[in-house]
Amino acid sequence: MSADLLRFTIAAEPPPRLDKALSRDVPASADLSRTRITRLLAEGEIRINGQVVTDPKAKLSEGDEVEIGLPEAIEIDTVAQEIPLSVIYEDAELIVIDKPAGMVVHPAPGSPDQTLVNALLHHCGDSLSGIGGEKRPGIVHRIDKETSGLLVVAKTDRAHHALALQFEKHTAERAYLAICHGVPDAGDPRLRGLPGISFEQGAVLKITTQLARHKTDRQRQAVTFHGGRHAITRARVLEVLGTPAAVALIECRLETGRTHQIRVHMAHAGHGLLGDPLYGGRRKLPQKSLPAGAAEAAEAFPRQALHAATLGFAHPVSGEMLRFEAPLPADMVALLAQLRGETAS
């Protein structure tokens, strides 16, 4: 057993499975998820009435004495790398980052390093107390490599557990700014005739579908109405650009957070994001509707024009409501200036 022991007693009417009973009765201050408890069981770190138990289906009774060994967080193989970060907020429990476009969040095949995790390992150092028994930052949610903007990352197990619960229950606030082809209009009969499309008060476009991996292109997600995962996006037009209207600056709010959700939903609505290589955002814009050079600049924009601008959540320890905003990055600011016909000062 580990030197650091957590001791508690099983309360009345425990659930029939040991892992569920432990999850219910473990002190809240320990912030041990059911997944972590299952791992500790397999590692022989849990004793019931002095006996090691490894079967998550074992039964417990009221009054059983539990000891859980908590090993020190182990180092992981991922390399800490000194990469500049735009830190919006940081305390002992979490860190909020304004991620630049082009940075992958987590190491993966094809992106083994130079990721946000590599940068956080260097930046946070010994302030990482361990996530799931490993000395690593706790990635609560992700944004695509070529999407810029706000991310919150946990530095402790309890912060990771509490933040993940907020994202799972959709209580965290997430708003994105995007530039899309055309203008979503409540009076557009084409749009109103599409499945999954409706409008709410204030001309807010609501897109409600299921999302699943594309049948032939494994890099893409696809709208479906049978199977897949439930997804809801709301989009509000902030600015119409072009005469006649050619593009729009929109605010998108997520009720759910699925892979590529905004990108695939706006493409489904016929208003794909400018610069999006996967979902049709490379189509030509009407040059006569826009200032000189603006259509060419939009077509040459190297990424999807999408920025995670607002992030709000309850602090995982204090409960204080935190809300952060990140201004548009320089490339989107410059693109909007060209679409408006503004001259450089």
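The values are calculated or read from the model by the stated rules, or taken from the named source; none is laboratory data. Here the structure is a predicted model, which is why all the values come from computation and not from measurement. Glycine gets a Cβ as well: all are built from the backbone with ideal geometry, and neighbour counts include every protein chain shown.
Every condition in (1) more than 23 Å from HIS260 (Cα to Cα); (2) in contact with a His (Cβ under 7 Å, 6 or more places away or on another chain) holds for ARG190 except the one numbered (2). Could you grab me the full set of residues in region 195-216 that are outside any loop (DSSP other than H, G, I, E, B) and touching a residue at least 40 places away in the same chain (Cβ under 8 Å)? ILE197, LEU205, ILE207, THR209, LEU211, listed by residue number. Here THR310 meets the list (1) outside any strand (DSSP E or B); (2) surrounded by 14 or more Cβ atoms within 10 Å (Cβ to Cβ) almost entirely, failing just condition (1). Restricting to region 313-323, name every residue that is surrounded by 15 or more Cβ atoms within 10 Å (Cβ to Cβ) and farther than 16 Å from ALA154 by Cβ. Answer for region 313-323, where residues must be surrounded by 15 or more Cβ atoms within 10 Å (Cβ to Cβ) and farther than 16 Å from ALA154 by Cβ: there is none.
Could you check how many residues of region 294-306 are surrounded by 23 or more Cβ atoms within 10 Å (Cβ to Cβ) and not in a loop (DSSP other than H, G, I, E, B)?
Step one: list which residues in region 294-306 are surrounded by 23 or more Cβ atoms within 10 Å (Cβ to Cβ), which gives 294, 298, 304-306.
When the remaining residues are screened for being not in a loop (DSSP other than H, G, I, E, B), the result is 294, 298, 306.
Of the residues in that region, 3 qualify.
Could you tell me whether PRO327 is assigned to a loop (DSSP other than H, G, I, E, B) and under 19 Å from LYS145 (Cα atoms)? Quick ask: steps written out before the conclusion?
Numbers: assigned to a loop (DSSP other than H, G, I, E, B): yes; under 19 Å from LYS145 (Cα atoms): yes.
Taking the combined requirement at face value, the residue satisfies it.
The single condition among (1) in contact with a helix residue (DSSP H, G or I) (Cβ under 7 Å, 6 or more places away or on another chain); (2) without any contact (Cβ under 8 Å) to a residue 40 or more places away in the chain; (3) surrounded by fewer than 19 Cβ atoms within 10 Å (Cβ to Cβ) that ILE46 does not satisfy is (3).
Between LYS215, LYS169, LYS206, LYS155, the distinction of being surrounded by fewer than 18 Cβ atoms within 10 Å (Cβ to Cβ), within 30 Å of VAL317 (Cβ to Cβ) and among the basic types (Lys, Arg) belongs to LYS169 only.
Does ARG253 satisfy the condition of being part of a strand (DSSP E or B), touching a strand residue (DSSP E or B) at 6+ places or on another chain (Cβ under 8 Å) and more than 26 Å from PRO291 (Cβ to Cβ)? Before the answer, list the steps.
On the way: part of a strand (DSSP E or B): yes; touching a strand residue (DSSP E or B) at 6+ places or on another chain (Cβ under 8 Å): yes; more than 26 Å from PRO291 (Cβ to Cβ): yes.
Yes.
Any residue that is free of Cβ contacts under 8 Å to residues at least 24 places away in the same chain, touching a helix residue (DSSP H, G or I) at 6+ places or on another chain (Cβ under 7 Å) and part of a loop (DSSP other than H, G, I, E, B) - is there at least one of those in region 283-292? Yes, there is a match, as at least one residue in region 283-292 is free of Cβ contacts under 8 Å to residues at least 24 places away in the same chain, touching a helix residue (DSSP H, G or I) at 6+ places or on another chain (Cβ under 7 Å) and part of a loop (DSSP other than H, G, I, E, B). Considering only region 1-13, state which residues are assigned to a loop (DSSP other than H, G, I, E, B) and modelled with pLDDT of 90 or more. If the condition is that a residue be assigned to a loop (DSSP other than H, G, I, E, B) and modelled with pLDDT of 90 or more, then ILE10, ALA11, ALA12, GLU13 are the ones that fit.
Among the candidates VAL183, VAL153, which residue alone is touching a strand residue (DSSP E or B) at 6+ places or on another chain (Cβ under 6 Å), in contact (Cβ under 8 Å) with a residue 12 or more places away in the chain, among the aliphatic types (A, V, I, L, M) and not assigned by TED's automatic domain parsing to the domain that holds ARG234?
Values: VAL183 fails: not assigned by TED's automatic domain parsing to the domain that holds ARG234.
So the residue among VAL183, VAL153 that is touching a strand residue (DSSP E or B) at 6+ places or on another chain (Cβ under 6 Å), in contact (Cβ under 8 Å) with a residue 12 or more places away in the chain, among the aliphatic types (A, V, I, L, M) and not assigned by TED's automatic domain parsing to the domain that holds ARG234 is VAL153.
Let's see how each residue does on (1) buried (at least 20 other Cβ atoms within 10 Å of the Cβ); (2) under 30 Å from VAL87 (Cβ atoms); (3) among the charged types (D, E, K, R):
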| site | (1), (2), (3) |
| --- | --- |
| PRO244 | no, no, no |
| ILE250 | yes, yes, no |
| ARG258 | yes, yes, yes |
| GLY272 | yes, no, no |
| PRO286 | no, no, no |
| ALA292 | no, no, no |
| GLU325 | no, yes, yes |
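Determine if region 184-196 includes at least one residue that is modelled with pLDDT under 90 and within 25 Å of the chain's Cα centre (by Cα). So far as region 184-196 goes, no, none of its residues is modelled with pLDDT under 90 and within 25 Å of the chain's Cα centre (by Cα).
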